[in-house]
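Beneath this line is the structure, given in structure tokens, with notes to follow.
Each value in this text was obtained by applying a stated rule to the coordinates, not by laboratory testing. It should be emphasised that the depicted structure is a prediction, and the values quoted were computed from it without experimental measurement. Reconstructed Cβ throughout: ideal geometry from the backbone, glycine too, with neighbour counts over all protein chains shown.
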There are 2 protein chains.
Amino acid sequence: MVDANPLLVALEREGYRLTEPRRAVARLIADQAAHFSAADLVAEARTQRLGIGRATIFRTLDVLASLGAVERLDLPSGDHAYVACEAAHHHHVVCSRCGRSRDVADAGLRNVVRDLERTTGYRIDDHRLELFGLCPNCRVN
Amino acid sequence: MVDANPLLVALEREGYRLTEPRRAVARLIADQAAHFSAADLVAEARTQRLGIGRATIFRTLDVLASLGAVERLDLPSGDHAYVACEAAHHHHVVCSRCGRSRDVADAGLRNVVRDLERTTGYRIDDHRLELFGLCPNCRVN
DNA sequence: GTCTACCTGAGACTCGGTCTCGACAAACCC
DNA sequence: GGGTTTGTCGAGACCGAGTCTCAGGTAGAC
């Protein structure tokens, strides 16, 4: 079976070793329908008796986050969560009911940032935009 | 001396008691030039020998955050920080060198959100935008 | 002044995340 | 295929932010 998992592809491309634990974590992440926490993966690894250590899960998430293959969200509740995503710069719309998220492109934010630079005098190097609401599916149900 | 501190005004308006510890925390917050963490306040309270418990500082920050008089930031580093601010909806531009932040108004983001609602089908109820860069002062120094 | 609900400090506790360290195994070389 | 290097692993101690509990204190209404 081919390694179709884009997380593994990203790891390999960056010269990280494709170890068994990393494959397992990538599989766990690929199985998540919605956003997930490190604790979710730890619990899932435990119930599947994968024998993966907690530290390894955190480390793998760190690596994947640094590659942009996974992104860390700050939910309005204050909790952290992760979502698998494409590496290009983008933002997330997160459904606050089912937790599914969707990547969205820049969508005119660039102009907003430029306006703010002009009005505030700040040089803006980085930003984070997270959007929360109901996905089309949860809207109707 | 009059209670000019807007944090205390907000507390009183909402029916919270103006206790000595709360006044002290409000004073500490008002003294912060840049964003600050709960730990900063705890340390400051300690060095000033104010005799305020850690729990009280967290509780007061919670209350103030629920009133919108203080807002919680998620820095790019992953740390949390607080800033005092006005209660109206707005965003923060944070200087990544000196930590000073500035409130900015909506700045066209409303249109961006509306566009995203149309293109994604999500109903967007809430969003969070944080901007990081260099303030005018740090740009030139 | 009295009374009561709200608030407080201390310190135990929880929990997400990190660090350390000896063991292991990918991947490269021959 | 076998040997070597070095990145990675699991276990468990550790850390630090934030929460909870509870007995005692006090703001503010009357």
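Suppose R0 equals 51 Å; then what is the FRET efficiency for A:N137 and B:Y16 from their Cβ-Cβ distance, rounded to the nearest 0.05?
My answer for the efficiency is 0.80.
For B:L73, which sequence-distant residues (separation of 5 or more, or a different chain) have an amide H within less than 5 Å of its own amide H, given hydrogens modelled in the peptide plane?
B:A81, B:Y82, B:V83
Taking amide hydrogens as modeled 1.01 Å from N in the peptide plane, which residues meet the under 5 Å criterion relative to B:V104, leaving out close sequence neighbours?
B:H91, B:H92, B:V93
What's the longest bit of chain B with no exposed GluC sites (Glu not before Pro), using DSSP loop states and at most 15 other Cβ atoms within 10 Å as the test?
Looking at chain B, B:15-85 is the longest stretch - no exposed GluC sites (Glu not before Pro) with at most 15 other Cβ atoms within 10 Å.
How big is the antiparallel share of DSSP beta bridges in chain B, given as a percent to the nearest 5?
Among the beta bridges of chain B, antiparallel pairing accounts for roughly 70 percent.
Give a residue-ordered list of calculated ³J(HN,Hα) values for the stretch B:80-88 (Karplus: 6.51 cos²θ - 1.76 cosθ + 1.60, θ = phi - 60°; whole Hz; x for Gly, Pro).
9, 8, 10, 9, 6, 7, 6, 6, 4
Rounded, prolate or oblate, given the Cα gyration tensor of the stretch B:61-141, with a/c below 1.5 counting as rounded?
Judged from the Cα gyration tensor, the stretch B:61-141 comes out oblate (a/c at least 1.5, b/c at or above a/b).
Between A:D31 and A:D79, what is 0.36 nm times their sequence separation minus the Cα-Cα distance? Round to one decimal in nm.
Fully extending the segment from A:D31 to A:D79 adds 15.2 nm.
Counting only other chains, and only Cβ atoms inside 10 Å, what mean value do you get across the residues of A:113-124?
6
How far is B:A65 from the same spot in each other copy, in nm, shortest first, if each label point sits 7 Å from Cα toward Cβ?
Nearest to farthest, the other copies are at 1.7 nm.
Using θ = phi - 60° and the Karplus relation 6.51 cos²θ - 1.76 cosθ + 1.60, list the HN-Hα couplings for the stretch A:105-111 in order, rounded to whole Hz, with x at every Gly or Pro.
7, 3, 6, x, 5, 4, 5
Among DSSP bridges having both ends in the stretch B:58-141, what percentage is antiparallel? Round to the nearest 5.
Percentage antiparallel, nearest 5: 70.
Could you let me know the centre-to-centre spacing of the stretch B:1-59 and the stretch A:29-85, using Cα atoms, in angstrom?
The stretch B:1-59 and the stretch A:29-85 have Cα centres spaced 36 Å from each other.
Are there trypsin sites (Lys or Arg not before Pro) in the stretch A:1-77 that DSSP marks as loop and that have at most 15 other Cβ atoms within 10 Å, and which are they?
Listed in order of number, the matching sites are A:R17, A:R49.
Within 10 Å of each Cβ in A:45-54, how many Cβ atoms from other chains are there, averaged over the peptide?
0
Tabulate in residue order the Karplus-calculated ³J(HN,Hα) for the stretch A:6-13, using 6.51 cos²θ - 1.76 cosθ + 1.60 with θ = phi - 60°, rounded to whole Hz; enter x for Gly and Pro.
Couplings: x, 5, 5, 4, 4, 4, 5, 4 Hz.
For peptide B:101-112, how many partner chain Cβ atoms fall within 10 Å of a residue's Cβ, on average?
Mean partner-chain Cβ count within 10 Å for B:101-112: 4.
Tell me the relative contact order for chain A as a rounded percent, counting alpha carbon contacts under 8 Å between residues six or more apart.
Reported relative contact order: 19 percent.
With N set to the number of residues, divide the alpha-carbon radius of gyration of the protein assembly as shown by 2.2 N^0.38 Å and report two decimals.
After normalising by residue count via 2.2 N^0.38 Å, the value is 1.14.
What share of Cα pairs, in percent, lie more than 17 angstrom apart in chain A?
Percentage above 17 Å: 65.
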